[in-house]
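Below is one structure, written out as structure tokens; the observations come after it.
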């Protein structure tokens, strides 16, 4: 069964550094998402992406964040200047199309900002 | 704004008994309600979902009900087993619109006592 994959599984960085989190969505899916989950809390929406552009973004997704689909398979989340409060688990998700909105989540990247 | 409330935050039941988790949502335009199970350190996994044109859906030991008028939906797990222990998240989405974000509840930590 196809799955969403993410790399790395764990990223440790210094405050102020840039990080790029990578995701490979399920191959026939057209809609892509990033969510984050601070330890012990609920999953929060960050951004959705379709047809090579952002569809919607949350208040969390400020100018420090950007997303990109650099090729036909990868979907990336960049944080330009990390803050301590960016420490969280970041999940990528994808869905097939607008009618079938089932979103399938990747295993997550645990980001630790020191 | 859009919000999903979930109760209880923790639930402990005897193995073999039933567990019920309840949620309410605020956005009346929501029409897709997935439930996710998350084991410690793992990704959220879709276990069942319901759309607003359906009042109830069952899949083996799991059932979901939806009351659109009251904006309530709930998850019922019967004949609970130790492997049901996990955090369960309800969620709501405005499916059928492009790249619909999922709004998650705060989660219920379900423990099954042997």
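Of all residues in the stretch B:11-47, those satisfying the criterion of being surrounded by fewer than 12 Cβ atoms within 10 Å (Cβ to Cβ) and either under 10 Å from the mean Cα position of the chain (by Cα) or within 12 Å of chain A (Cβ to nearest Cβ) (or both) are B:40, B:41. Within the option set B:40, B:46, B:11, B:75, being part of a loop (DSSP other than H, G, I, E, B) and closer than 18 Å to residue A:42 by Cα holds for one residue only, B:40.
For the stretch A:23-31, the criterion of being in contact (Cβ under 8 Å) with a residue 12 or more places away in the chain, more than 9 Å from every other protein chain (Cβ to nearest Cβ), assigned to a strand (DSSP E or B) and more than 18 Å from residue B:2 (Cβ to Cβ) is met by at least one residue. The set of residues in the stretch A:56-71 being within 12 Å of chain B (Cβ to nearest Cβ) and over 14 Å from the mean Cα position of the chain (by Cα) consists of A:59 alone. Would the stretch B:51-67 turn up any residue that is under 28 Å from residue A:53 (Cα atoms), within 13 Å of the chain's Cα centre (by Cα) and either surrounded by fewer than 18 Cβ atoms within 10 Å (Cβ to Cβ) or modelled with pLDDT of 95 or more (or both)? The answer is yes; a qualifying residue exists. Residue check: residue A:51 meets all listed conditions (1) within 12 Å of chain B (Cβ to nearest Cβ); (2) under 22 Å from residue B:36 (Cβ atoms); (3) surrounded by fewer than 19 Cβ atoms within 10 Å (Cβ to Cβ) but one, namely (2). Among the residues of the stretch A:61-84, those that are free of Cβ contacts under 8 Å to residues at least 40 places away in the same chain, part of a loop (DSSP other than H, G, I, E, B) and surrounded by 11 or more Cβ atoms within 10 Å (Cβ to Cβ) comprise A:61, A:64, A:69. For the stretch A:85-101, the candidate set comprises residues that are at the interface with chain B (Cβ under 10 Å from one of its Cβ atoms) and under 14 Å from residue A:2 (Cα atoms); within that set, the residue that is modelled with the lowest pLDDT is A:95. Per this entry, residue A:36 is not counted among residues that are outside any loop (DSSP other than H, G, I, E, B), more than 16 Å from residue B:104 (Cβ to Cβ) and within 12 Å of chain B (Cβ to nearest Cβ). For the stretch A:102-114, filtered to residues that are surrounded by fewer than 20 Cβ atoms within 10 Å (Cβ to Cβ) and out of contact with any helix residue (DSSP H, G or I) (no Cβ under 9 Å at 6 or more places or on another chain), the residue that is farthest from the other protein chains (Cβ to nearest Cβ) is A:112.
The values are calculated or read from the model by the stated rules, or taken from the named source; none is laboratory data. Given the structure is predicted, the values throughout are model-derived calculations rather than measurements. Please note: Cβ atoms are built from the backbone with ideal geometry, for glycine as well, and neighbour counts cover all protein chains shown.
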